[in-house]
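Working notes for the structure below.
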Amino acid sequence: MTVRERPPVPDVFDPRRYGIGVPHDDYRVLREDHPVAWQEEPEVLGWPAGPGFWAVTRHTDVVRVLKDGATYSSYVGATQIRDPDPADLPFIRRMMLNQDPPQHGRLRRLVSRAFTPGRIERFASVARERAGALLAGALAAAREGDGTVDLVAAVTDEYALLNLADLLGVPESDRGLLLHWTRRVIGYQDPDEAGTPVLDAAGKPVDPRSPAMLEDMFAYAQQLAAHKRRHPADDVLTTLAHEAELAPAELEMFFFLLTIAGNDTVRSAAPGGLLALAGHPAGYAALRAGAAGLPSAVEELLRWHPPVLTFRRTAAVDTELAGTRIRAGDKVVVFHASANRDERVFADPGRLDLTRSPNPHVSFGDGPHVCLGAHFARLQLRRLYAEVLRALPEARLAAPPARLVSNFINGIKSLRFEVG
């Protein structure tokens, strides 16, 4: 009997790879032969080298890591692959995303009070009208021009931004700040998004999560909270500003989290779903004809194009995962896009099935840190896709998409469609 030789471990760390496309073939190799695989972390794009990490690619193992906060901590080293500066770590740990139970649960309960069903439903009708208006304007301009439209620039970026601004209660004159901050934090690995990097005294780029890079955002959050205390409204920041249990530093961190995560979840998922539909015209036609429903379609499009590619944990104790020994202090990184294509969980995972059920994707995470705004994100996606289906008889690409250079966010920078 011939023993099959295991293939070498592919590199799924380099953020430049994701500017070309999500490396699903390499994920398949990892799932099959190296489900918990060591990844080197060399210097790239001016960012210094790191110590390396374990890449977790099977669905069962990803869920196990995300659910077990006692073994796989969000607090020890925060939740991004790249290690923060040790001096910045206490600051970064203030954020709910970078805490473990029970501290995480306290903050989550406080902010959950702001996401009332009634408040979200009121925003639903606004989102529908906004999607229709943005599409109508973009398509009219395209028909007067060359017959094509960049749906990211003309529709999805603005749609996600304005919905978030309404929910938070950011004045119209200040809404551009939210996109500016999102690009600075999320796009820092992409030279097109980040622009000229800010360097420290040693000539190294400054982490966009550091206190120095967030001073302007935090100052704005406090100013806006003070305004909401004087002039309360039906929005999330009014609720947080009047929350007696919330310290000023915690309010700043919530503003940061809601601005970045709340914006970029939909900002990444929406064009990703449209790109998937453009590549599957029969599925698009089935949706338009009502042969597939939008709720199940949204779940499948999220499985296909998760907005977040990876999240990091740090082993708090010596442990074992999928037969691999992991030492306390090791970085453990879950790969959402790989888990969503795991053949052990999803039948024919390389096929877009808009009626797939059940669909236990991990695009919004799992466990105690499951995305707080998942319901709001799903609602926005349903409203947007409904308007696209109404406005466009076909979904046809006019050019290949431009992808974000990032091993964290599954971003689409440009998505040009033909307009009939």
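The values are calculated or read from the model by the stated rules, or taken from the named source; none is laboratory data. Worth saying up front: this structure is predicted, and the values here are computed from it rather than measured. Note that we place each Cβ from the backbone using ideal geometry, even for glycine, and neighbour counts take in every protein chain shown. Ligands, DNA and RNA are stripped out before the accessible areas are found, and what is left, the full protein with its side chains, is counted by its heavy atoms. Shrake-Rupley method; radii C 1.70, N 1.55, O 1.52, S 1.80 Å.
Some points to look at:
- Scanning the range 35-52 for residues that are of a type outside the set (Gly, Ala, Ser) and closer than 17 Å to Asp207 by Cβ yields a total of 7.
- Among the residues listed as Leu384, Leu389, Leu397, the single one being touching a Ser or Thr at 6+ places or on another chain (Cβ under 9 Å) and over 19 Å from Pro191 (Cβ atoms): Leu384
- Helices (runs of 4 or more DSSP H) wholly inside the range 65-168 containing at least 1 residues that are free of Cβ contacts under 8 Å to residues at least 60 places away in the same chain and under 21 Å from the mean Cα position of the chain (by Cα): 157-168
- Any hit, the range 117-130, residues being small (Gly, Ala, Ser), at pLDDT 95 or above and farther than 30 Å from Lys204 by Cα: no
- Residue match in the range 37-55 (condition: under 12 Å from Phe335 (Cα atoms), in contact (Cβ under 8 Å) with a residue 60 or more places away in the chain and out of contact with any strand residue (DSSP E or B) (no Cβ under 6 Å at 6 or more places or on another chain)): no
- Tabulated pairs, the range 354-366, first within 22 Å of Thr265 (Cα to Cα), second small (Gly, Ala, Ser), C-beta under 6 angstrom, 6+ apart or interchain: Leu354/Gly283; Leu354/Ala292; Leu354/Ala297; Val362/Ala339; Phe364/Ala374
- Residue check, Arg183 more than 20 Å from the chain's Cα centre (by Cα) and among the basic types (Lys, Arg): no
- Some residue of the range 248-270 being surrounded by fewer than 23 Cβ atoms within 10 Å (Cβ to Cβ), out of contact with any Gly (no Cβ under 6 Å at 6 or more places or on another chain) and either without any contact (Cβ under 8 Å) to a residue 24 or more places away in the chain or within 16 Å of Glu300 (Cβ to Cβ) (or both): no
Per-residue answers, yes or no, for (1) open to solvent by 30 Å² or more (accessible area, probe 1.4 Å); (2) of a type outside the set (Val, Ile, Thr); (3) modelled with pLDDT under 95:
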residue: Val9; (1), (2), (3): yes, no, no
residue: Tyr18; (1), (2), (3): no, yes, no
residue: Leu45; (1), (2), (3): yes, yes, yes
residue: Asp68; (1), (2), (3): yes, yes, no
residue: Ser74; (1), (2), (3): no, yes, no
residue: Gln103; (1), (2), (3): yes, yes, yes
residue: Arg108; (1), (2), (3): yes, yes, yes
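- Top-ranked residue in the range 331-385 [being open to solvent by 10 Å² or more (accessible area, probe 1.4 Å) and β-branched (Val, Ile, Thr); ranked as modelled with the lowest pLDDT]: Val370
- Whichever residue in the range 49-63 is assigned to a helix (DSSP H, G or I) and touching a Ser or Thr at 6+ places or on another chain (Cβ under 9 Å) and, among such residues, is least open to solvent (accessible area, probe 1.4 Å): Val62
- Of the residues examined, Arg82 is not one that is surrounded by 17 or more Cβ atoms within 10 Å (Cβ to Cβ), of a type in the set (D, E, K, R), more than 26 Å from Val370 (Cα to Cα) and in contact with a Lys or Arg (Cβ under 9 Å, 6 or more places away or on another chain).
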